[in-house]
1. Quick one: Arg138 ticks every box in (1) surrounded by fewer than 15 Cβ atoms within 10 Å (Cβ to Cβ); (2) farther than 17 Å from Leu301 by Cβ bar one, so which box is it?
2. State whether the residues of the stretch 50-58 include one that is surrounded by 16 or more Cβ atoms within 10 Å (Cβ to Cβ), within 16 Å of Pro167 (Cβ to Cβ) and at pLDDT below 90.
3. Just to be sure I understand, how many residues within the stretch 176-202 are modelled with pLDDT under 95, over 28 Å from Gly151 (Cα atoms) and touching a helix residue (DSSP H, G or I) at 6+ places or on another chain (Cβ under 8 Å)?
4. Kindly indicate whether any position in the stretch 254-276 is surrounded by 21 or more Cβ atoms within 10 Å (Cβ to Cβ) and without any contact (Cβ under 8 Å) to a residue 40 or more places away in the chain.
5. Of all the residues that make up the stretch 71-126, how many are over 29 Å from Leu256 (Cα atoms), exposed (fewer than 13 other Cβ atoms within 10 Å of the Cβ) and of a type outside the set (Val, Ile, Thr)?
6. Where in the stretch 10-86 are there helices (runs of 4 or more DSSP H), lying wholly inside it, with at least 1 residues that are farther than 22 Å from Gly144 by Cα and of a type outside the set (Gly, Ala, Ser)?
7. Could you go through the stretch 121-133 and let me know if any residue there is in a loop (DSSP other than H, G, I, E, B), polar (S, T, N, Q) and in the same structural domain as Lys295 (by TED's automatic domain parsing).
8. Kindly list the number of the only condition in (1) under 23 Å from the mean Cα position of the chain (by Cα); (2) of a type in the set (Asp, Glu); (3) outside any strand (DSSP E or B) that fails for Asp247.
Amino acid sequence: MSFLTLDLNLLRVFDAVMTEQNLTRAAGHLAMTQPAVSNAIKRLRESLGDELLIRTAYGVKPTPRAEALWPAVRSALASLEAAVAPGTFDVSKAHATFRLAMADATAAMWLPSLMRSIERDAPGINVRMMPLTTREPRPMLLRGDIDLAVGFFPGVAAQLSYETATPIRHERLYSGTYVCVMRRTHPLAQQELTLDNYCAANHLLVSFSGRAHGLVDEALAQIQRERRILLTVNQFFTAGRVVANSDLITVLPKHLIASTGMTDALIYKDLPFQLPAVHLDMLWHERDARSPAHKWLRGHLEGMNSVVQRTAPGTSPKNDTY
């Protein structure tokens, strides 16, 4: 193949198909017919001497050659786009509707600040909150059901950190710690929280799926211990209300306790065993990566760390209560 004879338009089609991982969605993005996209990919295959994309039940899967090629193509197209249409983005004149997925506690912590910014600076931007019922939001992003997901996605973030040919982008917003939360007048509130009395208590677990097994149970199993999960709920706000009015205890990210709305009735204690840090990650699709409005939204989210610092409880060793 000679680069001088290569139709560079084929690379634009290749980028769209890699982004969408689906020929039909790529055709819609490019304002082309699906047969025209298929034909363009066929011509690129012939030029490069590689299959590039293999059809699957859910779309297409890139070959190793396609995975190696895409980052360079994507970077080159982005540079050309910036050079041809540099433009400036005026958020006050922007019109967009964003569909976001996040847990109730994360939304409660972040949305007030976003709404103030929209009311003040971006009157043409609307937000629609979608239910987050999984730790795997990538299918929602791939289907275009949502524009952005924010939350704790441990398996997803670990996989994305070493994958290159994926249309899902991510950024870490915050890292925090887990603590044990109970009502202020709980029998364990005025004594040391040991492994024995922790395991002997009745527990509440925040579980999107309703499955009564989580990160804590995996950590306990490693030291041959277990706990009784009396209740699972799918909202942090509900967890706070129940724990504040019962003898159940729960484990929450410390920065999310304030979002339960029950801080006056709750205390937290350090856990008597080790848990990994809890991370707050932002995920979005490559199709939105260069959208000025989407960039504005992600930029606002990047300020999450300062929001968390303002709302998280104090960490003084002399006072582990609110």
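The values are calculated or read from the model by the stated rules, or taken from the named source; none is laboratory data. Just so it is clear, the model here is predicted, and its values are computed rather than measured. Cβ: placed from backbone, ideal geometry, glycine included. Neighbour counts: every protein chain shown.
1. (1)
2. no
3. 1
4. Scanning the stretch 254-276 turns up at least one residue that is surrounded by 21 or more Cβ atoms within 10 Å (Cβ to Cβ) and without any contact (Cβ under 8 Å) to a residue 40 or more places away in the chain.
5. Of the residues in that region, 16 qualify.
6. Where helices (runs of 4 or more DSSP H) fall fully within the stretch 10-86 and carry at least 1 residues being farther than 22 Å from Gly144 by Cα and of a type outside the set (Gly, Ala, Ser), they are 34-48, 64-84.
7. Looking for residues that are in a loop (DSSP other than H, G, I, E, B), polar (S, T, N, Q) and in the same structural domain as Lys295 (by TED's automatic domain parsing), one finds at least one in the stretch 121-133, hence yes.
8. In the conditions (1) under 23 Å from the mean Cα position of the chain (by Cα); (2) of a type in the set (Asp, Glu); (3) outside any strand (DSSP E or B), Asp247 misses (1) alone.
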